[in-house]
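The block underneath contains the structure these notes are about, expressed in structure tokens.
The values are calculated or read from the model by the stated rules, or taken from the named source; none is laboratory data. Note that this is a predicted model, so its numbers are computed, not measured. Because the Cβ atoms are built from the backbone with ideal geometry, glycine has one as well, and the counts that use them run over all protein chains shown. For accessibility, only protein heavy atoms count, side chains too; no ligands or nucleic acids. Shrake-Rupley method; radii C 1.70, N 1.55, O 1.52, S 1.80 Å.
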Amino acid sequence: MNNSTASAPAISVRTLSIAGMTCASCVAHVEKALLKVEGVQAASVNLATETATVTATASVPLSALIDAVAKAGYEVRRDTLELDIEGMSCAACVGRVEKVLQRVPGVVSANVNLAARRAHVEIAGSVPSAALVAAVKKAGFGATPAAEVSAGAREADAAAEEAALRRAVWVAVALTLPVFVLEMGSHLIPGMHDWVMSTIGHRESWLLQFVLTSAVMFGPGLRFFRKGVPALLRGAPDMNALVAVGTAAAWAYSVVALFAPGVLPEGTVNVYFEAAAVIITLILIGRLLEARARGRTSDAIRRLMRIQPRTARVRRGTEVVEIPIGEVAVGDVVEVRPGEKVAVDGEVVEGASFVDESMITGEPVPVEKGVGATVVGGTLNTRGAFAFRATRVGADTVLAQIIRMVEAAQGAKLPIQALVDKVTMVFVPVVMGVAALTFLAWLLFGAGALPAEVPALSFALVCAVAVLIVACPCAMGLATPTSIMVATGRAAQMGVLFRKGDALQLLRDAEVVAVDKTGTLTVGRPELTDLQVAEGFERAEVLALVAAVERRSEHPIAEAIVAAARAEGLTLAEAAGFEADAGHGVRATVAGRRVEVGADRLMRRLGLDIGLFADTAARLGDEGKSPLYAAIDGRLAAIIAVADPLKPTSVAAVKALHAMGLKVAMITGDNERTARAIARQAGIDEVIAEVLPDGKVAALRRLAQGAAGRRRVAFVGDGINDAPALAEADVGIAIGTGTDVAIESADVVLMSGDLVGVPRAIALSRATMRNIRQNLFWAFAYNSALIPLAAGAFYPGFGALLSPVFAAAAMSMSSVFVLGNALRLRRFGADAVLAAA
């Protein structure tokens, strides 16, 4: 028989979906790129179906094929699947589930979140969800496609799990308490030992403890054995395995001491039933507290889901009918009464009101809505009544997008998690090894270090069990995901959406915040900012006449003057004989009066002296505004300025960023003079002006070059031309009122359209990373400190030893501490940063 044939590497056939191919030449390029990958034996690309079939050795990673296609200038289409995972209890479980998912052909990556109990799987090609579910089940866990589980069912499952844990705790406490009193009371309460001996009897006391402890072990505690023993047999031990081995060792030793004492060396016949019972009870209590706390980490998502009303009042012909929210279609006209919630996204077609949008933007002041204004589903109508035409429904609404963004961010893994994952994958096997070494060391060499009355075998058992119990890696697995879940939920409440979870960590390290000017720092549209009239003229009269003329013009400045007149309730007369003189201005006759509006050169041509407004013109120039003049019936009447003004909160936002130690720069395509004037008003440190859209990326790279090395740069923008810069920056922050292209290119979205969201996001990022570091320190330092204590390392010199009972209490409280610390982020108040500035 040919041995080489028997040892030939396994071959796998993979199908990839390719985007960007347009011709036979593209097909050849992709095939050539794939064949260059080491281990690929054949590659066939079909242009009609846009697929590539690759035959390669199983050891060839999917990422190598994807990279090869990308280098050829094309893209492998990827999809994502979400799975609800059941049965995970610690970081070792997370690592195990990720590993089995990544082995499924077609899976690019898999991220598992212990706190959310969810797996985010990125796939290339056709990967049936059944294959992923089967892989997870084979590893000993349950899995269900998240799309098949409703939010209500998920909440019901969580409530059922908590109720089951509550029942288990009460049963365990009721059974454990007598065992604890019988055994520990005899040591702690004077006269208790004699009372037990005289009334119950020594052996009878042990028999009673055996019965009650067995009921705890194989009643409420059976869950640890059902999960832990199979994991142990698979060679992938987890927290359940540690608890099962530790408690089983204490129980089995005690059973031998009770029923076959002659098997044990003289002086070692002792029972440890109370240790096994109390360990299981305390860990169950810890899990109950953990389940309650975990439920609160998802409060933000649940609140978002409850925002949308269940029904809507829709016009059907001449009637108004109330229908389920899921039946509302694009184009339907929906009526909203005072105090009702807006059902879906739309545009107001009738009526007016003030709408509370705080649940979406985080801003508490109601926003005025009139005909033509957009409304967002889930917001609250305060006092007026209006009707709107639905423009987005179902999964396309802003609220649905927010929920998806928050869920995606909550399931993300930060770069800091990579080290944790590496440690936890080997942590449990190492702990079991340490426990075994502890047992052997005390058994073989402990006699010389222990008092004569302390048997080495019993002492070795107690130390080994304590090591197994105290080192469960629950806290390690919860340290990062719980903080991320709470922080992203709190951010959503403040109108800050993290589209990518890793932005939470990267934003903390930002040193420079670069902002676009138009629409980000400023309102984004021209407004009438100044109107000063000459003696003998009334402001309202001049504005009405000038606006009547400008109404005939299509220039943005003209639109701003007309809008200002209408906002003041002025009546605009019809203009006759309208003329536009390019580069100079416009003129017309309004109500028999000749009105001319334009630049200073137009006034000079009319023979008018503009020196009257010299001081005002100088001030406007310093502010970056270009003054216009108005002449009425041949007399100089007013000086006018139209500009894109700063948003009311921009100055406070820049001050807050400075207070946080950040440098603020502005990148704009506007002229240098206007840009510097805006920068002076806002307090900005550096201005890069007259930049073309494709030059913003180069400007960002320049800002990143600091004297002491590369600096992290965050960029804030809102327009299509900002998309490349948003993608280039270390963290791209999009204004939520901006274009969809900008939002899709960003890592963070500010729903309020307000720059104050930037210091809020950075402050939350810093608070979150601080919280995660605290959690990780507690989880790792706790294990590092207590494992030697549990192993008896300090017993010979100091007499210090950690009993298995206290080890179980410490382990349970470790997870509770981590969850409680993460929940503190729910009270995060970023406005304190703005107030300090």
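Return the total of residues in segment 469-496 being open to solvent by 10 Å² or more (accessible area, probe 1.4 Å) and part of a helix (DSSP H, G or I).
Taking segment 469-496 first, the residues open to solvent by 10 Å² or more (accessible area, probe 1.4 Å) are 481, 490, 493-494.
Pick out the ones that are also part of a helix (DSSP H, G or I) and you get 481, 490, 493.
The qualifying residues number 3.
Checking V549 against (1) in a helix (DSSP H, G or I); (2) within 30 Å of R712 (Cα to Cα), which single condition isn't satisfied?
For V549, the exception is condition (2).
Please tell me if D530 is open to solvent by less than 20 Å² (accessible area, probe 1.4 Å), acidic (D, E) and touching a strand residue (DSSP E or B) at 6+ places or on another chain (Cβ under 7 Å). Break it down stepwise before answering.
On the way: open to solvent by less than 20 Å² (accessible area, probe 1.4 Å): no; acidic (D, E): yes; touching a strand residue (DSSP E or B) at 6+ places or on another chain (Cβ under 7 Å): yes.
No: the conditions fail for D530.
Out of all the residues in segment 548-567, is one or more β-branched (V, I, T) and either at positive phi or open to solvent by 60 Å² or more (accessible area, probe 1.4 Å) (or both)? Lay out the reasoning, then the answer.
To start, the set of residues in segment 548-567 that are β-branched (V, I, T) comprises 549, 557, 561-562.
Then drop every residue that is not either at positive phi or open to solvent by 60 Å² or more (accessible area, probe 1.4 Å) (or both), which leaves none.
Checked segment 548-567: no residue is β-branched (V, I, T) and either at positive phi or open to solvent by 60 Å² or more (accessible area, probe 1.4 Å) (or both).
Out of the residues in segment 338-353 that are closer than 14 Å to V314 by Cβ and of a type in the set (A, V, I, L, M, F, W, C), state the one that is most open to solvent (accessible area, probe 1.4 Å).
Top of the filtered list is V349.
Could you grab the pairs with beta carbons closer than 9 Å, sequence gap of 6+ or different chains, first residue in segment 577-591 and on the phi > 0 side of the Ramachandran plot, second one among the hydroxyl-bearing types (S, T, Y) and open to solvent by 20 Å² or more (accessible area, probe 1.4 Å)?
G577/T589
May I ask you to verify whether A785 is modelled with pLDDT under 85, within 30 Å of A435 (Cα to Cα), part of a helix (DSSP H, G or I) and open to solvent by less than 40 Å² (accessible area, probe 1.4 Å)?
Details: modelled with pLDDT under 85: yes; within 30 Å of A435 (Cα to Cα): yes; part of a helix (DSSP H, G or I): yes; open to solvent by less than 40 Å² (accessible area, probe 1.4 Å): no.
In short, no.
Conditions (1) modelled with pLDDT of 85 or more; (2) in a loop (DSSP other than H, G, I, E, B), marked per residue:
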position: A343; (1), (2): yes, yes
position: G378; (1), (2): yes, yes
position: R389; (1), (2): yes, no
position: L399; (1), (2): no, no
position: I403; (1), (2): no, no
position: A408; (1), (2): no, no
position: A418; (1), (2): no, no
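So D622 fits all but one of (1) under 22 Å from Q681 (Cβ atoms); (2) surrounded by fewer than 16 Cβ atoms within 10 Å (Cβ to Cβ); (3) modelled with pLDDT of 85 or more; what number is the exception?
Unmet condition: (3).
Report whether or not T522 is buried (at least 20 other Cβ atoms within 10 Å of the Cβ), of a type in the set (V, I, T) and farther than 30 Å from A614 by Cβ. Break it down into steps so the answer makes sense when it comes.
Details: buried (at least 20 other Cβ atoms within 10 Å of the Cβ): yes; of a type in the set (V, I, T): yes; farther than 30 Å from A614 by Cβ: no.
Taking the combined requirement at face value, the residue does not satisfy it.
Can you work out which of the residues in segment 757-780 that are surrounded by fewer than 22 Cβ atoms within 10 Å (Cβ to Cβ) and of a type in the set (K, R) is nearest to the chain's Cα centre (by Cα)?
Applying the filter and picking the extreme gives R766.
Please go through segment 589-609 and give me each residue that is surrounded by fewer than 17 Cβ atoms within 10 Å (Cβ to Cβ) and in a helix (DSSP H, G or I), ordered by number.
R601, R604, R605
Please find, within segment 104-113, the residue that is nearest to L414 (Cα to Cα) out of those that are modelled with pLDDT under 85 and in a loop (DSSP other than H, G, I, E, B).
It comes out as G106.
Restricting attention to segment 127-155, report how many residues are in a helix (DSSP H, G or I), in contact (Cβ under 8 Å) with a residue 12 or more places away in the chain and either open to solvent by less than 50 Å² (accessible area, probe 1.4 Å) or hydrophobic (A, V, I, L, M, F, W, C) (or both). Walk me through it before giving the result.
Residues of segment 127-155 in a helix (DSSP H, G or I): 129-138, 146-148, 151-155.
With in contact (Cβ under 8 Å) with a residue 12 or more places away in the chain added as a condition, the list becomes 129, 131-133, 135-136, 138, 146-147, 151, 154-155.
Okay, now just the ones that are also either open to solvent by less than 50 Å² (accessible area, probe 1.4 Å) or hydrophobic (A, V, I, L, M, F, W, C) (or both), so 129, 131-133, 135-136, 146-147, 151.
Looking only at that region, the number is 9.
Of all residues in segment 260-273, which are at pLDDT 75 or above and open to solvent by less than 20 Å² (accessible area, probe 1.4 Å)?
Correct list: V271, F273.
Taking into account only those residues within segment 73-109 that are surrounded by fewer than 19 Cβ atoms within 10 Å (Cβ to Cβ) and more than 27 Å from the chain's Cα centre (by Cα), which is farthest from I11 (Cα to Cα)?
G73
Within segment 508-524, is even one residue hydroxyl-bearing (S, T, Y), at negative phi and assigned to a helix (DSSP H, G or I)? Even if it seems obvious, please write down each step before you answer.
Restricting attention to segment 508-524, the residues satisfying the condition of being hydroxyl-bearing (S, T, Y) are 518, 520, 522.
Checking which are at negative phi leaves us with 518, 520, 522.
Those still in the list that are assigned to a helix (DSSP H, G or I) too: 518, 520.
Looking through segment 508-524, at least one residue is hydroxyl-bearing (S, T, Y), at negative phi and assigned to a helix (DSSP H, G or I).
Please list, ordered by first then second residue, the pairs with beta carbon atoms under 8 Å, 6 or more apart or interchain, first in segment 634-661 and of a type outside the set (A, V, I, L, M), second open to solvent by less than 20 Å² (accessible area, probe 1.4 Å) and in a loop (DSSP other than H, G, I, E, B).
Qualifying pairs under 8 Å: R635/A534; K647/L755; T649/L755; T649/V756; S650/L755.
Can you list the helices (runs of 4 or more DSSP H) lying wholly within segment 632-740 that have 1 or more residues being β-branched (V, I, T) and surrounded by fewer than 22 Cβ atoms within 10 Å (Cβ to Cβ)?
Fully inside segment 632-740 and qualifying: 650-659, 672-682, 696-704.
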